[in-house]
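This report refers to the structure that appears directly beneath it.
The values are calculated or read from the model by the stated rules, or taken from the named source; none is laboratory data. If you're wondering where the values come from, they're calculated on a predicted model, not measured in any experiment. We place every Cβ from the backbone using ideal geometry, glycine too, and count neighbours over all the protein chains shown.
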Amino acid sequence: MKPLQQIIDRISQEKFINSSRVVEIVKKASVSSSDLLPHANFHHPLNESYGRAKIFEGENFGVYVMSWNPGDFTAIHSHGHTQWGAVLFLSNTNHRIYTAKDKSVKLIDDQTICAGSLIPIREGFVHAMGNLSNEPFQSLHIYGASNYSSPTNTDSLVYQLEYERMRITDGRAFINIDDSYAKKDIPGLVADDETMMDYLQIIRPFYQRAGDYEMVNHLDCLITLKEPNNKNICP
């Protein structure tokens, strides 16, 4: 049996499941890069900041393969109704962790997850991840909930610091996510200078590749504004 189908079958058979058990199941399946390659989406549209392929959506969990070109990144985001799951990193991946409360978000960790790592997903997890290397790669994502019907990562929050708002989405976490994937906007998002400066520099390459030079100029102005002793006002 192919590893991805093995994972789906075993999770489906579990009466009681949590993130630790998902990690055990994925680890035993011995997933390799070649298992994910048939689901590659490296030629994703420029307005989508990474490639996303749905492998399976069942009663209470979903399985997805993400494809990352150099420079691809998610927005800061949560995972909606997800209570358990795991992410398999098959290449070194940049990973940023945040705390979020009410209408504020704060960066608390910036790390590189090593190739081969298998990380459990916890409820209420807020993060961003992407490819800061020079080579494309893929990752495997599983999101589930014991008391919510699939897709369990619907109603995810995407934190758009560049627009000072949060968006409730269908589970996608693209930078500048399209209106068709958004359910509701919540204005008034704020962040401290460190979080803002870090994130603006992450998202700038996306807007550059997408040809949104008005936003690029705006981000450059905001970045300059955050520098010490600079009191200019951005348009």
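Taking Lys27, is it of a type in the set (D, E, K, R), farther than 21 Å from Arg172 by Cα and modelled with pLDDT under 95?
Taking the combined requirement at face value, the residue does not satisfy it.
Quick check on this structure: which one of Ala191, Ala173 is over 20 Å from Glu48 (Cβ atoms) and touching a residue at least 40 places away in the same chain (Cβ under 8 Å)?
Being over 20 Å from Glu48 (Cβ atoms) and touching a residue at least 40 places away in the same chain (Cβ under 8 Å) holds for just one of Ala191, Ala173, which is Ala191.
Counting just the residues of segment 72-112 that are among the small types (Gly, Ala, Ser) and more than 15 Å from Gln138 (Cα to Cα), which one comes out surrounded by the most Cβ atoms within 10 Å (Cβ to Cβ)?
The selected residue is Gly85.
With respect to Phe42, is the statement that it is surrounded by 12 or more Cβ atoms within 10 Å (Cβ to Cβ) and of a type in the set (Phe, Trp, Tyr) true?
Taking the combined requirement at face value, the residue satisfies it.
Please pick out the residue among Glu135, Glu162, Glu194 that is acidic (Asp, Glu) and assigned to a loop (DSSP other than H, G, I, E, B).
That would be Glu135, the only listed residue that is acidic (Asp, Glu) and assigned to a loop (DSSP other than H, G, I, E, B).
Mind listing whichever residues of segment 165-188 are within 22 Å of Gln83 (Cα to Cα) and part of a loop (DSSP other than H, G, I, E, B)?
Within segment 165-188, Asp170, Gly171, Arg172, Ala173 qualify.
Quick one: is Ile97 assigned by TED's automatic domain parsing to the domain that holds Phe174, closer than 27 Å to Ile11 by Cβ and in contact with a strand residue (DSSP E or B) (Cβ under 7 Å, 6 or more places away or on another chain)?
So Ile97 fits the description; yes.
Among the helices (runs of 4 or more DSSP H) lying completely within segment 1-78, list those that include at least 2 residues that are out of contact with any Ser or Thr (no Cβ under 6 Å at 6 or more places or on another chain), small (Gly, Ala, Ser) and closer than 20 Å to His95 by Cβ.
19-29
Could you go through segment 86-103 and let me know if any residue there is at pLDDT below 95, more than 13 Å from the chain's Cα centre (by Cα) and on the phi > 0 side of the Ramachandran plot.
Within segment 86-103 (the criterion being at pLDDT below 95, more than 13 Å from the chain's Cα centre (by Cα) and on the phi > 0 side of the Ramachandran plot), the answer is yes, since at least one residue qualifies.
What pairs can you find where one residue is in segment 138-160 and on the phi > 0 side of the Ramachandran plot, the other is part of a loop (DSSP other than H, G, I, E, B), and their Cβ atoms are less than 6 Å apart, with a gap of 6+ or different chains?
Sorted first by the residue in segment 138-160, then by its partner, the pairs are Asp155/Gly80.
For segment 138-147, which positions are assigned to a loop (DSSP other than H, G, I, E, B) and in contact with a strand residue (DSSP E or B) (Cβ under 8 Å, 6 or more places away or on another chain)?
Ala145, Ser146
If you check Asp220, Asp179, which single one turns out to be farther than 15 Å from His77 by Cα and modelled with pLDDT of 95 or more?
Asp179
Restricting attention to segment 206-228, does a residue exist that is in contact (Cβ under 8 Å) with a residue 24 or more places away in the chain, under 14 Å from the mean Cα position of the chain (by Cα) and under 18 Å from His44 (Cβ atoms)?
no
Using the structure shown, decide if Ser91 is under 21 Å from Lys27 (Cβ atoms) and either part of a strand (DSSP E or B) or small (Gly, Ala, Ser) (or both).
Considered against the rule, which asks whether it is under 21 Å from Lys27 (Cβ atoms) and either part of a strand (DSSP E or B) or small (Gly, Ala, Ser) (or both), Ser91 comes out as yes.
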